[in-house]
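The next block holds one structure in the form of structure tokens; read it before the comments.
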Amino acid sequence: MALLKIENLHTYYGHVHALKGLNLMVDEGEIVTLIGANGAGKTTTLRTISGLIRPREGRIEFNGQDIHGLPAHRIVEDGISHAPEGRGIFSTLTVMENLNMGAYTLGGDKEAIEENRRRVFDLFPRLEERKSQLGGTLSGGEQQMLTIGRALMAHPRLLMLDEPSLGLAPMLVKAIFHVIREINARGVTVLLVEQNARAALKLAHRGYVLETGRVVLSGTAGELLRDERVRKAYLGER
Amino acid sequence: MQFIQQLINGLTIGAFYSLVALGYTMVYGVLKLINFSHGDLFMWGAYLGLTGLNVLLALLPQAGAWAILPVVIIVMTTVALVGVLVERVAYRPLRTAGRLAPVISALGVAFILESLARNIYGASWKTYPTGITPTGRIALGGDARVSVMQIVVLAISFLIMGALYLFVQRTRTGTAMRAVSLDHDISRLMGIDVDRIIAIVFVIGPGLGGVAGMIVALYYGSFDFTLGWTFGLKAFIAAIMGGIGNIPGAMLGGMILGIIETLGAGYISPQWKDVIAYVILIIILIFRPTGLLGERMAEKL
């Protein structure tokens, strides 16, 4: 059954028609990636799903419920966490406080928060070492870990990651992608937006190619990796 | 000993500035808005306190100083409610309208609140009931004296500020407040109801401001409708001096402004106290444009 189902989604930024009838679906347990050039609508898609932008038209169904039009904080409660582009660390809050904000929807449930925190520290031991440091003092890689770890603190069913490899050294990109696979193996469905199409398709089960606010191509990751157009446009081959 | 005396007087006035500055700085934190109506909310605390005390003392003349306690609570609640209402009606609809429109709206609210006070209570000076505040003085050696009222005012102010600091630093809601002041969208992605946090700020800021208005009126004994504008502006300046958006900064800025003013008035000349205070403010801002404890520039109004 589809965990996330998007039908005919139209989103505007002022007068700019950013998403023009987008359709996509994510099944429980999958890693699905959205690839495409800058301005294709990848980030807009995630921001619309998480409720930061209201769609003008269309449906977003999560776990059988309509969620379009719900305020963003309600969508987090429903089980979608969004680790935004550019990391969005609270720079003057400590690592621990950043993680606690990730668990905001759990309210005062100390046990659940502690359990989620143990899971996050298990995935990112570095965060535990840095827990009383201010978020703004972390390195780029550590900030990315914190962004992902913070999103996991709500114990989501669907984790949306926007450009987790952006600005990171190749070694770190590898490490981050390894952790994403690990998170998925522990039962979290992942929707991944990436510029690094090759790495994303190697990790994902399926993918969608976006161009100017529409899906122009979709298939299993293997199919997309072999596709002539994808190879030319997004994998840098001639 | 004159120095100690001036310092104590300065700290007392500084505590008033700090309490009011907190309201400016907290709202600036979450909305990046200079809430110019805050000074007039503070002034309404003084007027409502006056009415409350007069009514209560007319009904229960033997209540004496005990009348202050229930009236403070009523004043705090009422001014907090007005603060929430102002946010809902005058600021929230303009949240996405850029920086200028909400500031103008805040100025509009300030004039409305001030005119309402003048039309309802009249333009004359109002005097608080006498004989309900403590009057004793304690000698500190030499000829320096601290009044019991000053001790009470300072104790209450420090207690309130300490409690607020702990709330903001240690609780989940306080942390969410700091998160919202850094980034609304990211806070939403954490599941924080940003509108609710902003409403809480508009309960705490004006609530404290209302209490401060009543304490100031009790301390000085009399005031008029210009209290909000004159005193509010000073508190706003204290908030800038400490680093607007920064809560300990507002406390520090208020204290420093109060002390500079009294020392200037005492040692140089009362007529020159504002000149001295603002010259020092300008010097501080030249060397620390973000204020004493501020990290970010208060870039636009």
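Tabulated data
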{"read-out": "Residues of type lysines that A:Lys232 reaches as a straight line, Cα spacing below 18 Å, ignoring anything fewer than 8 places off in the same chain", "value": "A:Lys202"}
{"read-out": "Under-5 Å amide H pairs with A:Gly219, H placed in peptide plane, nonlocal only", "value": "A:Gly207"}
{"read-out": "Solvent-accessible area of B:Ile256 with every protein chain in place, 1.4 Å probe, in Å² to the nearest 10", "value": "50 Å²"}
{"read-out": "Residues B:Thr127 and B:Leu59, FRET efficiency given R0 of 22 Å [Cβ-Cβ distance, rounded to 0.05]", "value": "0.65"}
{"read-out": "Vicinal HN-Hα couplings computed from phi for region B:20-27 (Karplus, 6.51 cos²θ - 1.76 cosθ + 1.60; Hz; Gly/Pro x)", "value": "6, 4, 4, x, 4, 6, 5, 5"}
{"read-out": "Largest to smallest accessible area among B:Trp272, B:Trp66, B:Trp44, B:Trp229 [probe 1.4 Å]", "value": "B:Trp66, B:Trp272, B:Trp229, B:Trp44"}
{"read-out": "Cα pair distances in region A:89-155, grouped into 10 Å bins until the bin that holds the longest one, percent each", "value": "26, 58, 16, 0"}
{"read-out": "Euclidean distance of C-alpha centroids, region B:146-170 and region A:167-216, integer Å", "value": "52 Å"}
{"read-out": "Among B:Thr12, B:Thr290, B:Thr173: highest mean-square fluctuation, GNM of chain B, C-alpha pairs under 10 Å", "value": "B:Thr173"}
{"read-out": "Projected label distance in nm at A:Glu228 and B:Thr96, using a 7 Å step from Cα toward the beta-carbon", "value": "4.4 nm"}
{"read-out": "Between region A:9-52 and region B:227-243, the Cα center-to-center distance that results, in Å", "value": "46 Å"}
{"read-out": "Only Lys, Arg (+1) and Asp, Glu (-1) charged, at Cβ; the protein assembly as shown dipole about Cα centre in debye", "value": "500 debye"}
{"read-out": "Residue-averaged beta-carbon neighbours from other chains (10 angstrom radius) around A:85-95", "value": "3"}
{"read-out": "Under 23 Å from B:Lys234, Cα to Cα: lysines that are on another chain or at least 8 residues apart", "value": "B:Lys32, B:Lys126, B:Lys273, B:Lys300"}
{"read-out": "Whole-Hz ³J(HN,Hα) from phi, Karplus 6.51 cos²θ - 1.76 cosθ + 1.60, for region B:115-120, glycine and proline x", "value": "5, 4, 4, 5, 6, 7"}
{"read-out": "Cα-based Rg of the protein assembly as shown normalised by 2.2 N^0.38 Å, two decimals", "value": "1.17"}
{"read-out": "Where trypsin sites (Lys or Arg not before Pro) fall in DSSP loop in region A:137-212, at most 15 other Cβ within 10 Å", "value": "A:Arg186"}
{"read-out": "Long-range HN-HN contacts of A:Leu3 with modeled amide H, under 5 Å", "value": "A:Val26, A:Asp27, A:Glu28"}
{"read-out": "Sum of -39500 (n - 2.57) over DSSP H runs of 4+, divided by residues of chain A (222 nm, nearest 500)", "value": "-11000 deg cm²/dmol"}
{"read-out": "Chymotrypsin sites (Phe, Trp or Tyr not before Pro) restricted to region B:72-131 and DSSP loop, no more than 15 other C-beta within 10 Å", "value": "B:Trp125"}
{"read-out": "Accessible surface, per residue, of chain B when the full set of protein chains is kept, probe 1.4 Å, Å²", "value": "43 Å²"}
{"read-out": "Long-range HN-HN contacts of A:Glu211 with modeled amide H, under 5 Å", "value": "A:Val216"}
{"read-out": "Accessible surface of B:Tyr220 - all protein chains present, 1.4 Å probe, nearest 10 Å²", "value": "110 Å²"}
{"read-out": "Percent carbon-and-sulfur accessible area, chain B, ignoring ligands, DNA and RNA, probe 1.4 Å", "value": "70 percent"}
{"read-out": "Whole-number percent relative contact order across chain A, with pairs defined as alpha carbons under 8 Å at least 6 apart", "value": "27 percent"}
{"read-out": "Accessible-area ranking of B:Leu11, B:Leu22, largest first, probe 1.4 Å", "value": "B:Leu11, B:Leu22"}
{"read-out": "Under 19 Å from the B:Leu69 label point (7 Å along Cα→beta-carbon), backbone N, region B:202-217", "value": "B:211-212, B:214-215"}
{"read-out": "Cα lying deepest toward the dipole's positive end in chain B, options B:Ser105, B:His184, B:Val275, charges on Cβ", "value": "B:His184"}
{"read-out": "Whole-number accessible area per residue in Å² for region A:89-155, which is evaluated in the context of all protein chains at 1.4 Å", "value": "42 Å²"}
{"read-out": "Shape of region B:200-267, Cα gyration tensor, a/c cut at 1.5", "value": "oblate"}
{"read-out": "Calculated FRET value between A:Arg198 and B:Phe167, using beta carbons and R₀ = 45 Å, to 0.05", "value": "0.35"}
{"read-out": "Pairwise centroid distance, computed over Cα atoms, of region B:68-104 with region A:80-95, Å", "value": "30 Å"}
{"read-out": "DSSP bridge pairs, the protein assembly as shown: antiparallel proportion in percent, nearest 5", "value": "60 percent"}
{"read-out": "Under DSSP loop assignment and at most 14 Cβ neighbours within 10 Å, longest GluC sites (Glu not before Pro)-free interval of chain B", "value": "B:1-294"}
{"read-out": "Heavy-atom SASA rank of B:Tyr267, A:Tyr104 (probe 1.4 Å, accessible area, largest first)", "value": "B:Tyr267, A:Tyr104"}
{"read-out": "Within chain B, helix-based [θ] at 222 nm, where runs of 4 or more DSSP H residues each add -39,500 (n - 2.57), nearest 500", "value": "-24000 deg cm²/dmol"}
{"read-out": "Listed residues A:Lys131, A:Lys42, A:Lys110, most fluctuating in chain A (Gaussian network, C-alpha, under 10 Å)", "value": "A:Lys110"}
{"read-out": "Anisotropy class of region A:24-159 from Cα gyration tensor, a/c 1.5 cut", "value": "prolate"}
{"read-out": "Kirkwood-Stokes translational diffusion coefficient of chain B, alpha-carbon pairs, 4 °C, 1.567 mPa s, µm²/s", "value": "66 µm²/s"}
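The values are calculated or read from the model by the stated rules, or taken from the named source; none is laboratory data. Since this is a predicted model, take the numbers as computed values, not measurements. Note: ideal-geometry Cβ built from the backbone for every residue, glycine included; neighbour counts use all protein chains shown. In case anyone asks, the SASA skips ligands and DNA or RNA and just uses the protein heavy atoms, side chains included. Shrake-Rupley method; radii C 1.70, N 1.55, O 1.52, S 1.80 Å.
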